[in-house]
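Peer 1: Before we start, here is the structure in question, set down as structure tokens.
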Amino acid sequence: MGWLLALASNVQGATNTSQIGTVDVVPAQQQLGQQLYLENCSNCHIALPPAVFPSETWKNLLQDSQHYGVQLKPLVDPPRILVWRYLLTFSRSHLKEEETPYRFKDSRYFKALHPNIKLPRPVQVGSCVSCHPSATDFNFRNLSPEWN
């Protein structure tokens with residue numbers, strides 16, 4: 001009976017992954033952080049899944065008001081803490097001997113998430129939509145027909 005109750009209450013297990021736009025199912029306690037991340041980042045460019053960078057990159061980006069040459073108004077607490085918790089939960093570890101990547105084309109995780117993929121053009125934030133047509137909606141599961 002306990003097994004059935006656990007199975008029935010497992011929302012993640014009951015969720016059809018083809019309908020999940022993000023790369024990961026985001027638990028309720030992280031959803032506000034994700035929403036704040038998307039609101040603050042996708043206004044200027046495609047918001048990248050946290051998994052493409054190590055935590056160290058995200059930490060540095062959140063603390064730096066110079067964002068790739070653009071002066072930004074820094075996030076302040078508590079929104080900054082909520083965004084950081086979301087990014088920390090879904091980002092990757094950083095190897096001590098590894099240089100911290102600031103361009104996702106240089107991230108070993110971006111490369112691991114795209115194994116043996118011959119990309120049609122140089123990797124830039126805007127080029128995600130050529131393979132992930134719904135990337136502007138933070139949906140990286142939906143692929144263009146040639147990649148399905």
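Peer 1: Return a yes/no flag: does the stretch 91-103 have any residue that is surrounded by 12 or more Cβ atoms within 10 Å (Cβ to Cβ), basic (Lys, Arg) and in contact (Cβ under 8 Å) with a residue 24 or more places away in the chain.
Peer 2: Yes - at least one qualifying residue is present in the stretch 91-103.
Peer 1: Follow-up question, since we're still on this one. Say we look at the stretch 76-124 and pick out the residues that are part of a loop (DSSP other than H, G, I, E, B) and of a type in the set (Gly, Ala, Ser); which of these is modelled with the highest pLDDT?
Peer 2: Of the residues in the stretch 76-124, the ones part of a loop (DSSP other than H, G, I, E, B) are 76-78, 91, 93-103, 107, 114-124.
Now narrow it down to the ones that are of a type in the set (Gly, Ala, Ser): 91, 93, 107.
On the way: SER91: 92, SER93: 88, SER107: 87.
Taking the candidates together, the pick is SER91.
Peer 1: Follow-up question, since we're still on this one. Considering the stretch 54-75 alone, what residues qualify as being outside any strand (DSSP E or B) and modelled with pLDDT under 90?
Peer 2: The answer is ASN60, LEU61, LEU62, GLN63, ASP64, SER65, TYR68, GLY69, LEU72, LYS73, PRO74, LEU75.
Peer 1: Give me the pairs, please: first residue somewhere in the stretch 60-75 and under 19 Å from LEU87 (Cα atoms), second residue anywhere and exposed (fewer than 13 other Cβ atoms within 10 Å of the Cβ) and modelled with pLDDT under 75, beta-carbon distance under 6 Å, and either six or more positions apart or on two chains.
Peer 2: LEU72/SER65; PRO74/SER65
Peer 1: Moving on to the next point. Only residues in the stretch 121-148 that are surrounded by 13 or more Cβ atoms within 10 Å (Cβ to Cβ) count as the first member; pair them with residues that are among the aromatic types (Phe, Trp, Tyr), Cβ under 8 angstrom, at least 6 apart or cross-chain, and list the lot.
Peer 2: Partner pairs satisfying both residue conditions: VAL123/PHE104; VAL123/PHE110; VAL125/PHE104; CYS128/PHE140; CYS131/TRP147; HIS132/PHE140; SER134/PHE140.
Peer 1: Quick one: in the stretch 13-40, of everything that is modelled with pLDDT under 85, surrounded by 10 or more Cβ atoms within 10 Å (Cβ to Cβ) and not small (Gly, Ala, Ser), which residue is nearest to ASP137 (Cα to Cα)?
Peer 2: Top of the filtered list is THR22.
Peer 1: Then there is this: Being aliphatic (A, V, I, L, M) and either loosely packed, with under 12 Cβ neighbours inside 10 Å or under 17 Å from TYR109 (Cα atoms) (or both) is the filter here, so list the residues in the stretch 41-60 that pass it.
Peer 2: ALA47, LEU48, ALA51, VAL52
Peer 1: Picking from LEU82, LEU88, which residue would you name as being over 19 Å from ASN139 (Cα atoms) and surrounded by fewer than 18 Cβ atoms within 10 Å (Cβ to Cβ)? First the steps, then the outcome.
Peer 2: On the way: LEU82 fails: surrounded by fewer than 18 Cβ atoms within 10 Å (Cβ to Cβ).
On inspection, the qualifying residue turns out to be LEU88.
Peer 1: May I ask you to verify whether ASP77 is closer than 30 Å to SER144 by Cα, acidic (Asp, Glu), surrounded by fewer than 19 Cβ atoms within 10 Å (Cβ to Cβ) and out of contact with any helix residue (DSSP H, G or I) (no Cβ under 9 Å at 6 or more places or on another chain)?
Peer 2: Working: closer than 30 Å to SER144 by Cα: no; acidic (Asp, Glu): yes; surrounded by fewer than 19 Cβ atoms within 10 Å (Cβ to Cβ): yes; out of contact with any helix residue (DSSP H, G or I) (no Cβ under 9 Å at 6 or more places or on another chain): yes.
Spelling it out, it is not the case that ASP77 is closer than 30 Å to SER144 by Cα, acidic (Asp, Glu), surrounded by fewer than 19 Cβ atoms within 10 Å (Cβ to Cβ) and out of contact with any helix residue (DSSP H, G or I) (no Cβ under 9 Å at 6 or more places or on another chain).
Peer 1: Any residue in the stretch 31-45 that is closer than 11 Å to PRO79 by Cα sitting within a Cβ distance under 6 Å of a residue that is of a type in the set (Lys, Arg) and part of a helix (DSSP H, G or I)? List the pairs, counting only those 6 or more apart or interchain.
Peer 2: Pairs found: GLY33/ARG85.
The values are calculated or read from the model by the stated rules, or taken from the named source; none is laboratory data. Keep in mind that this is a model prediction, so the values were computed, not measured. All Cβ positions, glycine included, derive from the backbone under ideal geometry; neighbour counts span all protein chains shown.
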